[in-house]
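Novice: The structure under discussion is supplied below as structure tokens; questions concerning it will follow.
The values are calculated or read from the model by the stated rules, or taken from the named source; none is laboratory data. Quick caveat, the model's predicted, so the values are computed rather than measured. Every residue, glycine as well, gets a Cβ built from its backbone with ideal geometry; the counts of neighbours run over all protein chains shown.
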């Protein structure tokens, strides 16, 4: 039964992706319309799902220390967080993107084991963030980082650096040219074409998974 509810929710998200597609690599879309559709279509399903979970949790059909009981308890404890995606259109139903980004650091830890010290760890985290930002914007990370390292020192005396060093919010727009999506507009040869291929592969794989879930649901 749980699989049936989950499949219905994913099917709605698939339909919303087609009705309100992303306008760019940053995932911009009609967020207000997506949120409204989720409230109208997904929220009632989630309400019925919650009722079923409560009934199962209160029944004697499931053993107290079984994996199913553990899953029920976890889901109910996280219920408000699990359904929060229906409140805003820019939120995602799943955390696949976060999982992929976490895997990068996990693989690195396994390969090189140590970063040296706390300062080196902070530098590694900074570079992970920058490289991931480049990939998310379809930018070749090497070319963009090189442009940043070569160009940023010339702005050391500028307003943005002064605000940063004073602990103030950086409101100056003088460094906006180094944002990956803006930088790419004047450096089109640094498009990350492999990333586009991988994105299409992931989308295709996701469609196959959703179709398999729907097929299983139809034959239940």
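Novice: Can you say whether residue 91 is without any contact (Cβ under 8 Å) to a residue 12 or more places away in the chain and under 28 Å from residue 24 (Cβ atoms), as far as the supplied structure shows?
Specialist: Taking the combined requirement at face value, the residue satisfies it.
Novice: Are any residues in the range 137-183 exposed (fewer than 12 other Cβ atoms within 10 Å of the Cβ), within 30 Å of the chain's Cα centre (by Cα) and outside any helix (DSSP H, G or I), and if so, which ones?
Specialist: Once the filter is applied, which keeps residues that are exposed (fewer than 12 other Cβ atoms within 10 Å of the Cβ), within 30 Å of the chain's Cα centre (by Cα) and outside any helix (DSSP H, G or I), the range 137-183 yields 167, 168, 169, 171, 173.
Novice: Continuing with this model, one more query. Being surrounded by 13 or more Cβ atoms within 10 Å (Cβ to Cβ), in contact with a helix residue (DSSP H, G or I) (Cβ under 8 Å, 6 or more places away or on another chain) and not in a helix (DSSP H, G or I) is the filter here, so list the residues in the range 10-40 that pass it.
Specialist: Residues satisfying the conditions are 20, 25.
Novice: Are any residues in the range 191-214 under 22 Å from residue 179 (Cα atoms), modelled with pLDDT of 80 or more and within 20 Å of the chain's Cα centre (by Cα), and if so, which ones?
Specialist: Scanning the range 191-214 gives a single hit, 192.
Novice: A further question follows. Tell me, which residue of the range 91-104 that is more than 9 Å from the chain's Cα centre (by Cα) and surrounded by 12 or more Cβ atoms within 10 Å (Cβ to Cβ) is nearest to residue 203 (Cα to Cα)?
Specialist: Across the range 91-104, the extreme among qualifying residues is 93.
Novice: Here's a follow-up. Residue check: is residue 176 more than 21 Å from residue 105 (Cα to Cα) and in the same structural domain as residue 103 (by TED's automatic domain parsing)?
Specialist: Against the criterion (more than 21 Å from residue 105 (Cα to Cα) and in the same structural domain as residue 103 (by TED's automatic domain parsing)), residue 176 qualifies.
Novice: Checking the structure you have, find out if any residue of the range 33-47 is at pLDDT 90 or above and closer than 30 Å to residue 191 by Cβ.
Specialist: For the range 33-47, residues at pLDDT 90 or above and closer than 30 Å to residue 191 by Cβ: present.
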